[in-house]
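Colleague: Below is a structure I'd like to ask you about.
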Amino acid sequence: MLTFYSKNGKIYIGVDFMHSLIIKNLKVSINEKIILDGFNLTINSGETHAIMGPNGTGKSTLSKVIMGDSNYKVLDGEIYFDDILINDMSVDERARLGIFLAFQTPPSIDGVTNADFLRTACSIKDGKQFNLMKFIKEINTTVESLNMDKEMIHRNVNKGFSGGERKKNEILEMYMLKPNTVILDEIDSGLDIDSLKTVGNQVQEYKDKENCSILLITHYQRLLDYIKPDFVHIMKNGKIIKTGGLELVKELELSGYENIGK
Amino acid sequence: MNEIIIKDNKIEKNIDKNINVTYNLKDSEYDVVKIKIDVLKDNDLRIVYEDIDKIDIEINISENVLFNLYEYRKTDKLKIQNKYYLEADSNVVINKFNDSNELKELDITYLNGQNATINYNLNTISKGKQRVDIIAYHNSSNTNSYINNKSVTIDDGSIVFNVTGNVYNNIVDCNVHQDSKIINLNDAKCEINPILLIDENDVEAEHAAYIGKFKESDIFYLMSRGIPYDKAINLLVRGFLYIDIKDDDVINNTIDKYWR
Ligand SMILES: Nc1ncnc2c1ncn2[C@@H]1O[C@H](COP(=O)(O)OP(=O)(O)O)[C@@H](O)[C@H]1O
Ligand SMILES: [Mg+2]
């Protein structure tokens, strides 16, 4: 597809900034238990998709399977990124394609500082172009715009961080790695109202700047005040049962997950 | 900083007047290098062991002295014995980073004076067969031993940690802490044997032990940021084995050598 796209004041023509993630008929199990079954979704650059669904329906499973978590078994179906089948790709290769997952519960990692971790990740991504001064400058400004404590850069990854601090750290990583396809798994949980607003606005700003695609997994409509979805999907029992726009959120509020789609 | 370099049956030292060092070098192949160190005032000391196979060290720490010892070993087979004698109110921190392949180590701490404290940390890359015995004798009341060991196994390496704390009857108000962790990357047979020999009720004693792998979820997280598996392990090993021996480059280079 030929597109005109402006970035940093320049006009680009080409396909560089258009990406697609296509999930076809996905069937996934863990420990012999089938979690996803007949799951279909297509996401293109510039689109924001929200997935809403009750607890335990397989939302986090979906996000981890897209990222390549080998604990889950893909029994059937395909995941394509820009027409490349990525079913058998390693986790790090998928990340380097530009897929980014903000974890529902990011782990804390002993002995590895945020700074070392992100410097390693960014220098792998940028290769010879990696510039340490630029990296330091960027991390500092991003930490500031997320209202994070500057000290966090030098602490071990997520060690002693509150739930909200961990979520902000995920967004910091997103800003540093500049993915083209962003999956946010309940980024709103654990955030207080101020932080929710900061994170929501920062994500929307990132999207406007990078023209990325967003898959927003959430329980609650409040995040959608800041990040406006183009599509809303209701997920139940491992598949999408209904797709619409923002009006679906209202419908959901009125009827609940039990009755929607009936 | 004060430094002693023991290399190839030779000793180089650069020491201030508050540390006395006497030694015997080897006369024959079967002999042992012996070193005696007396620490008279607050001080830091670095000891580097290179290409050496057998050595006995005795360190005496005087009353009320704060002493930090940093050790780095780079050798093939090492048999080493350390004895630490701590007088009253002395406070000793020992940080060791071991990159010898085979290792047989016996470290005995005598907490002889009241309020003496040892904080002992040994991190080793277990590339060959290794066994470390650490014993702390709480010979006075109000003494503290904090013993921390870490190992990552690689190639044909394996490790046994035997850690013993002794507190006799009527020696009161002591702290005895042991923590040993082994990241067993090669599925070798490894052991941690914590032994608490305590005749006194008025003691705070605890031990923790872990033998296992890095957490899969941690590796997944690092890789999800575009870091390849081997580099993720390198980061985790570095985080796990990092210890302050006043030479970070040595640690980084050593880890990069084994985990690229
Ligand atoms: N490691 C696991 N072992 C067994 N079952 C699991 C595991 N992880 C998730 N599940 C199950 O998969 C289902 C979907 O979980 P999840 O994807 O976390 O749902 P959601 O994110 O929608 O709340 C749940 O029933 C959960 O119990
Ligand atoms: Mg979930």
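The values are calculated or read from the model by the stated rules, or taken from the named source; none is laboratory data. These figures come from a predicted structure and were not determined experimentally. Heads up, the Cβs are rebuilt from the backbone with ideal geometry, glycines too, and the neighbour counts pull from every protein chain shown.
Colleague: Among the residues of the range A:132-149, is there at least one that is within 12 Å of another protein chain (Cβ to nearest Cβ) and of a type in the set (Asp, Glu)? Spell out how you get there, then give the answer.
Modeller: Within the range A:132-149, the first condition is being within 12 Å of another protein chain (Cβ to nearest Cβ), and the residues that meet it are none.
Scanning the range A:132-149, I find no residue that is within 12 Å of another protein chain (Cβ to nearest Cβ) and of a type in the set (Asp, Glu), so the answer is no.
Colleague: In the range B:237-260, how many are surrounded by 13 or more Cβ atoms within 10 Å (Cβ to Cβ) and more than 20 Å from the chain's Cα centre (by Cα)?
Modeller: So the answer is 2.
Colleague: Could you please find all residues in the range A:21-54 being within 18 Å of the chain's Cα centre (by Cα) and surrounded by fewer than 15 Cβ atoms within 10 Å (Cβ to Cβ)?
Modeller: A:Asn40, A:Thr42
Colleague: Cβ-Cβ distance below 7 Å, separation of 6 or more or different chains: which pairs start in the range A:175-195 with a residue that is away from ligand 2 (no atom under 15 Å from the Cβ) and end on one that is aromatic (Phe, Trp, Tyr) and modelled with pLDDT of 95 or more?
Modeller: A:Tyr175/A:Tyr206; A:Leu177/A:Phe100; A:Pro179/A:Phe100; A:Thr181/A:Phe100; A:Val182/A:Phe100
Colleague: Continuing with this model, one more query. Which one is farthest from A:Ser20 (Cα to Cα), of the residues in the range A:150-197 that are within 14 Å of chain B (Cβ to nearest Cβ) and of a type in the set (Val, Ile, Thr)?
Modeller: Filtering first and then ranking leaves A:Val157.
Colleague: Still on this structure: Within the range B:205-256, how many residues are free of Cβ contacts under 8 Å to residues at least 24 places away in the same chain, more than 13 Å from chain A (Cβ to nearest Cβ) and polar (S, T, N, Q)?
Modeller: Qualifying residue count for the region: 1.
Colleague: Within the range A:71-120, track down each residue that is at pLDDT 95 or above, at the interface with chain B (Cβ under 8 Å from one of its Cβ atoms) and assigned to a loop (DSSP other than H, G, I, E, B).
Modeller: Scanning the range A:71-120 gives A:Asn71, A:Ser90, A:Phe103, A:Pro106, A:Pro107, A:Ile109, A:Val112.
Colleague: Out of all the residues in the range A:38-70, which are more than 20 Å from A:Asp88 (Cβ to Cβ), within 12 Å of ligand 1 (Cβ to nearest atom) and away from chain B (no Cβ under 14 Å)?
Modeller: A:Ile51, A:Met52, A:Gly53, A:Pro54, A:Asn55, A:Gly56, A:Thr57, A:Gly58, A:Lys59
Colleague: For the range A:63-83, enumerate the residues that are among the hydrophobic types (A, V, I, L, M, F, W, C) and closer than 18 Å to A:Cys212 by Cβ.
Modeller: Residues of the range A:63-83 among the hydrophobic types (A, V, I, L, M, F, W, C): A:65-67, A:74-75, A:79, A:81.
Of everything in the range A:63-83, those that are among the hydrophobic types (A, V, I, L, M, F, W, C) and closer than 18 Å to A:Cys212 by Cβ turn out to be A:Ile66, A:Met67, A:Ile79, A:Phe81.
Colleague: Write out, first by first residue and then by second, each pair whose Cβ atoms fall under 9 Å of each other, whose residues are 6+ apart or on separate chains, and whose first residue, in the range A:27-44, is in a strand (DSSP E or B) while the second is within 16 Å of ligand 2 (Cβ to nearest atom) and among the polar types (S, T, N, Q).
Modeller: A:Val28/A:Thr61; A:Ile30/A:Thr61; A:Ile30/A:Asn71; A:Ile35/A:Thr57; A:Ile35/A:Thr61; A:Leu36/A:Thr61; A:Asp37/A:Asn237
Colleague: Continuing with this model, one more query. Say we look at the range A:36-46 and pick out the residues that are touching a Ser or Thr at 6+ places or on another chain (Cβ under 8 Å) and within 21 Å of A:Leu85 (Cβ to Cβ); which of these is nearest to ligand 2 (Cβ to nearest atom)?
Modeller: Applying the first criterion (touching a Ser or Thr at 6+ places or on another chain (Cβ under 8 Å)) to the range A:36-46 yields A:36, A:42-46.
Adding the requirement that they be within 21 Å of A:Leu85 (Cβ to Cβ) leaves A:36, A:42-45.
Working: A:Leu36: 13, A:Thr42: 22, A:Ile43: 18, A:Asn44: 24, A:Ser45: 25 Å.
Checking each candidate, the answer is A:Leu36.
Colleague: Does B:Thr164 meet the test of being under 17 Å from B:Arg131 (Cα atoms), in contact with a Leu (Cβ under 9 Å, 6 or more places away or on another chain), more than 13 Å from chain A (Cβ to nearest Cβ) and modelled with pLDDT of 95 or more? Can you show your working first?
Modeller: Values: under 17 Å from B:Arg131 (Cα atoms): yes; in contact with a Leu (Cβ under 9 Å, 6 or more places away or on another chain): yes; more than 13 Å from chain A (Cβ to nearest Cβ): yes; modelled with pLDDT of 95 or more: yes.
So B:Thr164 passes the test.
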